[in-house]
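Reading through the structure tokens given below for one structure.
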Amino acid sequence: MSDAADANEPTGDDAKTERERIRERKRRELEARLDEGESLDEAAGTDAGDDGGAATPTEPVHVNGLDELQRTVDENDVVLVDCYADWCGPCQMMEPTVEALAAETDAAVAKVDVDANQAVAQQLGARSIPTLVLYAGGEAVDRFVGAQDRATLESAIDEHAA
């Protein structure tokens, strides 16, 4: 990864601060929706929309097993799958970006812990981490290996969303 891309990614305390800002913003949004009289399911975005489809999750979905991965891909138009490990430094660096993409794009984000889900990692061809696989319409359409800048991932998502 280039130095220019490194400069755009939050690291260390910056990453933690970014994560905290996202969580705080989402908490305020949820409280505002509840104050407006929405039910907890409606406010959390877990109800089916007017079109009968499920709302795109605004937080990463932790996938445990091939069935959960397939269900997530089937239920969402665009899914970014993040294969990671807790001990992986580049994976930790990517976490705020992955959370922001879940909150701010039309893609669902699925997280796969490669240590706990080796069969899923093998199915996805994740030989290095982080590996990110983008699905659109149920098919894998793009793959990224190593830490990526947010703009690259957003561009790929936008290209396949809609």
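The values are calculated or read from the model by the stated rules, or taken from the named source; none is laboratory data. The structure presented is a predicted model; accordingly, all values stated were derived computationally and were not measured. Counting neighbours? That spans all protein chains shown, and the Cβs are built from the backbone with ideal geometry, glycine included. These area figures cover heavy atoms from the full protein model, side chains too; ligands, DNA and RNA do not enter into them. Shrake-Rupley method; radii C 1.70, N 1.55, O 1.52, S 1.80 Å.
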statement: Per the filter on segment 139-162, residues open to solvent by 30 Å² or more (accessible area, probe 1.4 Å) and at positive phi are Ala162
- prompt: Are there any pairs, at least 6 apart or on different chains, whose C-beta atoms fall under 7 Å, with the first in segment 63-89 and closer than 16 Å to Pro130 by Cβ and the second basic (Lys, Arg), and if so, which?
  reply: Val63/Lys111; Asp82/Lys111; Tyr84/Lys111
